[in-house]
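What follows is a single structure, written as structure tokens, with notes after it.
The values are calculated or read from the model by the stated rules, or taken from the named source; none is laboratory data. What you are looking at is a predicted structure, and each value in this text was computed from that prediction instead of being measured. Every residue, glycine among them, receives a Cβ derived from its backbone with ideal geometry; neighbour counts consider all protein chains shown. We work out accessible area using only protein heavy atoms, side chains counted, and drop any ligands, DNA or RNA first. Shrake-Rupley method; radii C 1.70, N 1.55, O 1.52, S 1.80 Å.
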Amino acid sequence: MIKAFEKDRMMQSGDAPAIGLSQKEQREIVEAYAKLLEAEAKLIGPSGKAEILPNNLYSFLLRLLADLRAGQSVTILESRHELTTAEAGKMLGVSRQYLVQLLERGEIPFHMTGTHRRVYVRDLLAYKASRDSSRRKTLDDLARREFAEGNYDKIPDDFHTGR
């Protein structure tokens, strides 16, 4: 039920004019709100069969739909999905040969399938996140140092190298 101070707060905030509700109407509103809070997302198939979706899956689907509506491409892979070195290199934006060097240095875990190297997508994405974080930190440090030295706002003279 709506308490007196909540009525006063609603009237003072100017959100909506106060309207008189009977006790029954107030109780119905509270019950409807409680049902909304307890509601579960459902996936309904063509046959009408409903499957309850966990909240995290529902949130994921909402983000997925938003990305698709925004015109972004979306790829969904299992974390245990295996990539060839060519596919992995393409995902990182590096050549296959450079990726093989990363694998051989032990920077990204891999396994052999016959004579071919394979990389799990989860390992590749972990490496990419670490690499991107390191790059951001380096750029932030560089910008801080340039700002501290008073060089941040200066425009470089690329045509005259100090002569």
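Total residues in region 113-127 satisfying the condition of being part of a strand (DSSP E or B), open to solvent by 50 Å² or more (accessible area, probe 1.4 Å) and in contact with a helix residue (DSSP H, G or I) (Cβ under 9 Å, 6 or more places away or on another chain): the figure is 3.
Looking at region 34-43, which of its residues are out of contact with any strand residue (DSSP E or B) (no Cβ under 6 Å at 6 or more places or on another chain) and either modelled with pLDDT of 90 or more or surrounded by 10 or more Cβ atoms within 10 Å (Cβ to Cβ) (or both)?
A34, A41
For S130, the criteria (1) in a helix (DSSP H, G or I); (2) surrounded by fewer than 17 Cβ atoms within 10 Å (Cβ to Cβ); (3) in contact with a strand residue (DSSP E or B) (Cβ under 8 Å, 6 or more places away or on another chain) hold in every case but one, which is (3). Just one of the numbered conditions (1) modelled with pLDDT of 90 or more; (2) farther than 29 Å from D132 by Cα; (3) open to solvent by less than 100 Å² (accessible area, probe 1.4 Å) is not true of L102: (2).
Quick one: would you say Y152 is in contact with an Asp or Glu (Cβ under 7 Å, 6 or more places away or on another chain) and open to solvent by less than 100 Å² (accessible area, probe 1.4 Å)?
In short, no.
Assessment of region 79-93 against the conditions (open to solvent by 100 Å² or more (accessible area, probe 1.4 Å), farther than 30 Å from E38 by Cα and modelled with pLDDT of 95 or more) yields at least one matching residue.
Within region 148-159, identify whether any single residue is in contact (Cβ under 8 Å) with a residue 12 or more places away in the chain, more than 30 Å from L36 (Cα to Cα) and of a type outside the set (A, V, I, L, M), and answer yes or no. The answer is no; no qualifying residue exists.
Got a number for residues in region 44-86 being under 30 Å from M112 (Cβ atoms) and in contact with a strand residue (DSSP E or B) (Cβ under 8 Å, 6 or more places away or on another chain)?
Residues that pass the stated criteria total 7.
Remark: pairs (first residue in region 131-143, without any contact (Cβ under 8 Å) to a residue 60 or more places away in the chain; second residue aromatic (F, W, Y) and assigned to a helix (DSSP H, G or I); Cβ separation under 7 Å; 6+ apart in sequence or on different chains) are absent.
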